[in-house]
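Presented below is the structure to which this report refers.
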Amino acid sequence: MTATGRVLGSVTAGPTRFGVVRVWVRSLAAVLLRRGPVPGLRHSAGVRQLVLPLVAMEIVVAFLLSSMLPPAARPVHAAFEALLVLTGLGLVAAVLRHPHEVAAERVVLRTGFLGEVTLPRSAVRSVSSVVRTVPGRGPRPVPGEPGAVACSVGSSLNAVLRLDPPVRLDLGTAGLVDAATVYVSADSLPDLSAALATTSPR
């Protein structure tokens, strides 16, 4: 608690460019090596469903374009296309390997590679469905809603957590926000609700 009675949460900023590459490589390697799924609640299905078809399309286009290029240019083109495909697959893998976490003491809302928000479990009172678009990526304030924060990979959000008391979050250049509302994306709202119910604060 702060002097004003606000509960403190935390915001972890996204990694540097090198850090992002490391997260993507590690996540992609874990998927390719068929390591077990990470416990938690999956999110960002919309982003995954957008990226995977684009990757598949890029592979087809790459083969077609390669057949029209001079033989000397094909290795460079192949390397570039491989980088694009691995980048897309790494993004999907990073999201899958960094799910939301609901525990007895805390609720961690993750984006995979753009940062995360950690809330005291005792402050999270409810979760409900919502259809909301908030510009930007990662943890960020919600324009026009002073007591609200969004945490997601994409701009589309489908779940809202209500906090009581509000949780003070430091959003870096965006400043401090006494958040009473947090918007997130979740693949399964019933699973998120059930996880919160089983860790209900006493």
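Quick rundown of the values:
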| item | result |
| --- | --- |
| Dipole magnitude of the chain, debye to nearest 20 (Cβ charges: Lys/Arg +1, Asp/Glu -1, about Cα centre) | 320 debye |
| Between the stretch 113-139 and the stretch 67-94, the Cα center-to-center distance that results, in Å | 35 Å |
| Taking N as its residue count, the alpha carbon Rg of the chain over 2.2 N^0.38 Å | 1.18 |
| Net lengthening on full extension, Arg125/Ser10 (0.36 nm per residue, minus Cα-Cα) | 39.6 nm |
| Dimensions (Å) - the stretch 28-110, Cα atoms, principal axes, largest first | 60, 24, 15 |
| Cβ-Cβ FRET estimate between Leu64 and Ser155, R0 fixed at 41 Å, reported to 0.05 | 0.80 |
| Low-density loop positions, GluC sites (Glu not before Pro), the stretch 94-163 - DSSP coil, at most 11 other Cβ in 10 Å | Glu105 |
| FRET efficiency, 1/(1 + (r/R0)^6) with R0 45 Å, evaluated for Ser200 and Phe18 via beta carbons | 0.65 |
| For the stretch 1-152: accessible area per residue (Å², 1.4 Å) | 58 Å² |
| Kirkwood-based shape ratio for the stretch 91-189, expressed as Rg/Rh from alpha carbons | 0.92 |
| Virtual spin-label span in nm between Arg162 and Ala104, 7 Å along Cα→Cβ | 2.7 nm |
| Qualifying trypsin sites (Lys or Arg not before Pro) for the stretch 1-103 [loop in DSSP, other Cβ within 10 Å: at most 13] | Arg34, Arg35 |
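The values are calculated or read from the model by the stated rules, or taken from the named source; none is laboratory data. These numbers come from a predicted model, not from an experiment. We place every Cβ from the backbone using ideal geometry, glycine too, and count neighbours over all the protein chains shown. All accessible areas refer to the heavy atoms of the entire protein, side chains included, with ligands and DNA or RNA removed. Shrake-Rupley method; radii C 1.70, N 1.55, O 1.52, S 1.80 Å.
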